[in-house]
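Everything on this sheet refers to the single structure shown next.
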Amino acid sequence: MSAAHGKVILLGEHAVVHGRPALAAAVSPGVEAVARDAPGEGLSLHVAPWGAVFTAGDGTDLGRGLAGLARDLDATGARLDAVMHLPGAKGLGASAALGVACARALSELRGVALDDARLLDIALAWERVFHGNPSGVDHTLAALGGVGVFTKAEGLRRVATRAPVVLCIGDTGERSSTREMVALVASALARRPAATEKTFDAIAALVRNAALALEAGDARALGELMDLNQVLLSSLMLSTERTETLCRAARAAGALGAKLTGAGGGGCVIALAGQREGEVRAAWEALGVPCARVEVGA
Ligand code: MEV
């Protein structure tokens, strides 16, 4: 069984597409995949929780992604079975984790050596099918795991966390498309370049301070920086009423900070729970939102 991580972006989504840093952490379990020979067939992918089957070149995004894997890993005549432990289209890096787990499973089956650099190249090509213009943060965390500051130019710089950080993850129930959200920000940048670049710069400053807060174990500062990031993400029209409701409820319950994570336009909210995990959980459950707990930097 080959595995890959999901991810949460603590701060910096979208700005990272435009060259700024993002602070992100791997979430496990993400996706597991196994490959076996299927002589005479193309390359197929069976995704357990969805009960769905995709084949290379079937006209879907997954079919296009599989065609790339088949080419890069000499992998026609194979069947992949994947188990998703993450919901799709919720900002938790499910598509990148699926690509990395499948690439690893196929390389194992075919005996193709896959060092990190080659794996990251293959996974980037996979992500481009889904997201058009990915920064690379999702597939890098999916492959390498851990916690760190990611930039397009320099990749992942690991951050040594002084203490594990407990995050509550709440699902708004609203599906969103990363491709569309990234395009929305690109059009804001085209229409108002100076103001949008300034917003990205402000987010970058928050990210740098958040990395320091994480290293210092200063959860209060980290929470405040997450709240400020949420304001800037809202100003880019990436929040929704439901997202704001979950953030407000988490803060009212005592969370140190709360924000959307990933592409926005719905998807998931993260709350830095501090000592108030039970209270945040109860507040969200009162809104009909189940709360998942992740510990990053443990
Ligand atoms: C998606 O998880 C994060 C975005 O910043 C897109 C990307 O970095 O590719 C919205």
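The values are calculated or read from the model by the stated rules, or taken from the named source; none is laboratory data. Everything numeric here is computed off the predicted structure, so don't read it as measured data. Cβ: placed from backbone, ideal geometry, glycine included. Neighbour counts: every protein chain shown. Accessible surface is based on the protein model in full, side chains and every heavy atom, while ligands, DNA and RNA are left aside. Shrake-Rupley method; radii C 1.70, N 1.55, O 1.52, S 1.80 Å.
Screening the candidates V100, V165, V112, V147 for the property of being over 15 Å from the mean Cα position of the chain (by Cα), assigned by TED's automatic domain parsing to the domain that holds A24 and either modelled with pLDDT under 95 or of a type in the set (A, V, I, L, M) (or both) yields one hit, V112. Selection of first residues in the stretch 280-292 that are closer than 16 Å to G257 by Cβ and of second residues that are in a loop (DSSP other than H, G, I, E, B) and open to solvent by 60 Å² or more (accessible area, probe 1.4 Å), restricted to Cβ pairs under 8 Å at least 6 apart or on distinct chains, gives the following pairs, ordered by first then second residue: W284/P290. Taken over the stretch 120-155, the criterion of being open to solvent by 20 Å² or more (accessible area, probe 1.4 Å), of a type in the set (D, E) and within 13 Å of the ligand (Cβ to nearest atom) is satisfied by D138 alone. Of all residues in the stretch 156-190, those satisfying the criterion of being more than 16 Å from the ligand (Cβ to nearest atom), in contact with a helix residue (DSSP H, G or I) (Cβ under 8 Å, 6 or more places away or on another chain) and farther than 28 Å from A117 by Cβ are R162, A163, V165, V166, C168, G170, G173.
The number of residues in the stretch 58-112 being in a helix (DSSP H, G or I) and away from the ligand (no atom under 16 Å from the Cβ) comes to 20.
From the list G59, G51, G93, the lone residue that is closer than 17 Å to G146 by Cα and not aliphatic (A, V, I, L, M) is G93.
Across the stretch 56-75, the number of residues qualifying as touching a helix residue (DSSP H, G or I) at 6+ places or on another chain (Cβ under 6 Å) and open to solvent by 50 Å² or more (accessible area, probe 1.4 Å) comes to 5. Taken together, A78, A117, A105 contain a single residue that is surrounded by 23 or more Cβ atoms within 10 Å (Cβ to Cβ) and out of contact with any helix residue (DSSP H, G or I) (no Cβ under 9 Å at 6 or more places or on another chain), which is A105. Which of the following residues is more than 16 Å from the ligand (Cβ to nearest atom), in contact (Cβ under 8 Å) with a residue 60 or more places away in the chain and open to solvent by less than 50 Å² (accessible area, probe 1.4 Å): G274, G266? The unique qualifying residue is G274. Can you pull out every residue in the stretch 1-26 that is in contact with a Lys or Arg (Cβ under 7 Å, 6 or more places away or on another chain), open to solvent by 10 Å² or more (accessible area, probe 1.4 Å) and of a type in the set (A, V, I, L, M)? A26, the sole residue that qualifies. How many residues are in a helix (DSSP H, G or I) and among the polar types (S, T, N, Q) if we restrict to the stretch 174-208? So the answer is 4. I want to confirm something. Restricting to the stretch 21-40 and keeping residues that are in contact with a strand residue (DSSP E or B) (Cβ under 7 Å, 6 or more places away or on another chain) and assigned to a loop (DSSP other than H, G, I, E, B), which single residue is farthest from the ligand (Cβ to nearest atom)? Result: A38.
Restricted to strands (runs of 3 or more DSSP E) entirely inside the stretch 211-298, those with at least 1 residues that are more than 21 Å from G88 (Cα to Cα) are 257-261, 268-272. Here G65 fits the description: assigned by TED's automatic domain parsing to the domain that holds L124 and either at pLDDT 95 or above or hydrophobic (A, V, I, L, M, F, W, C) (or both).
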